[in-house]
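Here the structure comes first, spelled out in structure tokens, and everything after it is commentary.
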Amino acid sequence: MKELVCIVCPKGCRLHVDEENGFAVTGNSCPRGAEYGKNEIQNPTRVLTSTVRITGGAYPRCPVKTDRAVPKAKLMDIMKELNGVTLSSPVEIGQVVLRDAAGTGAGVVVTKAL
Amino acid sequence: MYDLIVIGGGPAGLAAANSAWQKGLRSILIVERDKEAGGILNQCIHNGFGLHRFKEELTGPEYAARFIDMLKETGVELMLDTMVLEITAGRQVHVISAKDGYQVLSAKSIVLCMGCRERTRGAIGIPGDRPAGVFTAGSAQRYLNLEGYMVGKRVVILGSGDIGLIMARRMTLEGAKVLACVELMPYSGGLMRNIVQCLNDWDIPLYLSHTITDIRAENGRVSHVTVHKLDENRQPIPGTNLEFDCDTVLLSVGLIPENELTRAAGIQMDPRTNGAVVYENMETSVPGIFACGNVVHVHDLVDYVSAESERAGAAAAEFVLKGQREGEALELKNGADVGYTVPQKIRAQAVEKAADVFFRVRRVFKNSVIEISDGEKVLASFRREHMAPGEMEHILLPRKILDQARGGQITVSAKEA
Ligand SMILES: Cc1cc2nc3c(=O)[nH]c(=O)nc-3n(C[C@H](O)[C@H](O)[C@H](O)COP(=O)(O)OP(=O)(O)OC[C@H]3O[C@@H](n4cnc5c(N)ncnc54)[C@H](O)[C@@H]3O)c2cc1C
Ligand code: SF4
């Protein structure tokens with residue numbers, strides 16, 4: 001039995017994951033917690049949020065995120081790829097700035113219209 | 001004359017204005033001092049917003065955009081780059097902007113949504129030099145996420161509030177080395193999820209019951225920080241010192257509701273929350289002036305800010321269209337291990353089904369109960385598996401229970417089950 005805190009939402013439920021029983025999860029308040037508990041023990045993933053350069057906008061940085069959770073070990077590789085991106089205003093929420101980030105299959109998208 | 005003027009265009013102001021419009025008010029103005037609406041959400045580029053509200057995990061700017069888009073469907077006016085200087089109990093709003101100069105606007109109702117500001121080094125009195133390199137975590141966040149400036153390379157964070165935790169991860173991702181997060185209390189002030197994904201994920205140590213006892217400088221910039229473990233009276237224990245070689249200290253030592261306008265208008269304040277005393281509908285002691293969001297009490301979840309602010313906006317509409325709420329108010333008191341409650345007063349007669357009550361506990365609880373009593377009799381109890389000071393608690397008090405309270409008061413307390 002492994003104890004961990006669900007971080008899918010800020011509620012932070014305390015989960016128990018039973019590795020001997022097909023990674024059965026208890027303590028979750030919603031199904032997302034069960035899924036998180038199973039994955040966190042086997043293959044931890046995170047959504048990455050950061051910023052990239054933008055020219056001609058109200059600010060010099062534009063916030064972005066990966067469109068899905070990516071393996072924790074790949075976060076720094078994606079950061080490196082994002083260093084090479086410069087957008088030019090206007091951009092819309094959801095606009096793709098990077099495809100298949102660091103070979104994870106995930107895209108990186110804009111999170112603010114600028 | 002406006003039906004409603006909303007002061008502050010953060011998530012609280014946006015939700016209040018939108019809900020007042022839905023309830024039938026047609027001349028609504030939001031006054032915001034920044035160049036865009038959205039408040040603190042604009043710099044909170046991380047995700048974790050809106051899971052309760054939209055059933056998906058949004059970043060701060062995305063959450064703000066949802067509400068800004070909703071507002072575009074209404075006739076609510078948004079006045080940007082305009083600072084509110086004063087409000088009066090007679091509901092006059094004094095504003096100033098570079099474009100239109102000084103103006104005095106009048107309103108039938110006002111909702112205060114000014115949010116919070118961060119405690120600074122002065123407010124907590126850290127000893128040592130006063131060099132460059134000491135920032136509040138929120139200003140570092142603004143520099144980095146909006147302006148694109150890194151504030152340092154080797155960082156020690158004082159305080160384990162959410163902003164500090166979020167910045168620990170953010171600075172790490174951008175290539176800084178975060179050496180430690182130092183917390184005075186024996187527990188963290190931030191959300192558990194932030195401890196996990198901002199500190200543990202990056203092997204950043206969290207020192208509980210520790211504090212910074214000295215900051216030293218070389219050439220006017222932070223160069224060293226000394227940290228001590230504290231005894232139960234929060235006094236540094238000699239010989240427990242840790243030395244860090246760093247160029248930056250980030251302070252994440254709490255937020256203070258921004259209430260200069262509120263105080264100057266003669267609105268009754270609550271020293272426990274540093275916000276206005278409010279009734280069940282978020283009305284302050286001055287009729288027709290309401291308050292919601294971080295200006296009333298510090299929220300950790302924006303979803304609750306939006307919900308609370310919708311109640312405030314709806315109440316402002318009720319005030320304008322139907323008049324002042326009547327009835328005797330029950331006084332909410334905090335019992336054992338409860339730090340404050342919002343609202344502080346409930347007019348039971350005006351409550352339709354149930355009243356929302358928010359509060360924070362003073363220490364960490366495992367299996368526990370929240371007890372509601374009128375001083376003599378226990379009227380209701382709510383079970384909780386876990387409670388912590390860093391996590392705001394919420395209960396719904398049904399009208400039936402409010403009507404049973406004798407002696408004009410209700411006490412909320414927390415204890416082990
Ligand atoms: C760093 C950080 C991380 C957070 N992380 C999360 C999270 O992961 N998930 C989550 O759900 N919540 C999170 N929150 C909480 C959430 O963002 C806040 O509770 C919410 O933004 C509060 O909304 P508000 O409208 O009350 O205040 P604010 O967002 O602060 O807005 C107040 C607005 O009022 C304006 N204003 C103030 N005074 C005046 C004046 N005199 N004249 C004109 N305008 C004025 C300000 O410019 C500002 O725009 C976080 C908060 C912070 C600070
Ligand atoms: S189990 Fe569900 S409610 Fe609990 S923290 Fe996880 S996502 Fe949130």
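The values are calculated or read from the model by the stated rules, or taken from the named source; none is laboratory data. Since the structure is predicted, the reported quantities are computational estimates derived from the model, not experimental observations. With ideal geometry, Cβ positions are generated from the backbone for all residues, glycine too; neighbour counts draw on all protein chains shown. Ligands, DNA and RNA are excluded from the accessible area calculation, which covers all protein heavy atoms including side chains. Shrake-Rupley method; radii C 1.70, N 1.55, O 1.52, S 1.80 Å.
Residue pairs whose Cβ atoms lie under 7 Å apart, separated by 6 or more positions or on different chains, with the first residue in the range B:164-175 and more than 10 Å from B:L250 (Cβ to Cβ) and the second open to solvent by less than 20 Å² (accessible area, probe 1.4 Å) and assigned to a loop (DSSP other than H, G, I, E, B), are B:L165/B:G190.
Do we find that B:D69 is within 14 Å of ligand 1 (Cβ to nearest atom) and open to solvent by 70 Å² or more (accessible area, probe 1.4 Å) in this structure? Against the criterion (within 14 Å of ligand 1 (Cβ to nearest atom) and open to solvent by 70 Å² or more (accessible area, probe 1.4 Å)), B:D69 does not qualify. When restricted to residues that are of a type outside the set (S, T, N, Q) and either closer than 30 Å to B:K415 by Cβ or within 16 Å of ligand 2 (Cβ to nearest atom) (or both), the range B:294-335 contains 20. Among the criteria (1) within 14 Å of ligand 2 (Cβ to nearest atom); (2) touching a residue at least 12 places away in the same chain (Cβ under 8 Å); (3) open to solvent by less than 30 Å² (accessible area, probe 1.4 Å), the one A:Y59 does not fulfil is (1). Can you confirm whether the range A:27-40 contains a residue that is more than 6 Å from ligand 2 (Cβ to nearest atom), more than 14 Å from every other protein chain (Cβ to nearest Cβ) and either in contact (Cβ under 8 Å) with a residue 60 or more places away in the chain or not charged (D, E, K, R) (or both)? Checked the range A:27-40: at least one residue is more than 6 Å from ligand 2 (Cβ to nearest atom), more than 14 Å from every other protein chain (Cβ to nearest Cβ) and either in contact (Cβ under 8 Å) with a residue 60 or more places away in the chain or not charged (D, E, K, R) (or both).
Any residue at all in the range A:12-25 that is under 24 Å from B:V302 (Cβ atoms), more than 8 Å from chain B (Cβ to nearest Cβ), within 16 Å of ligand 1 (Cβ to nearest atom) and open to solvent by 20 Å² or more (accessible area, probe 1.4 Å)? Yes, the range A:12-25 has at least one match. Residue check: A:A102 meets all listed conditions (1) within 27 Å of B:G175 (Cα to Cα); (2) in contact with a Cys (Cβ under 8 Å, 6 or more places away or on another chain); (3) open to solvent by less than 30 Å² (accessible area, probe 1.4 Å) but one, namely (2). Looking only at the range B:95-125, residues that are β-branched (V, I, T), out of contact with any Ser or Thr (no Cβ under 8 Å at 6 or more places or on another chain) and at pLDDT below 95 come to 1 in all.
A:K74 meets all of the listed conditions (1) surrounded by 13 or more Cβ atoms within 10 Å (Cβ to Cβ); (2) outside any helix (DSSP H, G or I); (3) within 20 Å of the chain's Cα centre (by Cα) but one, namely (2).
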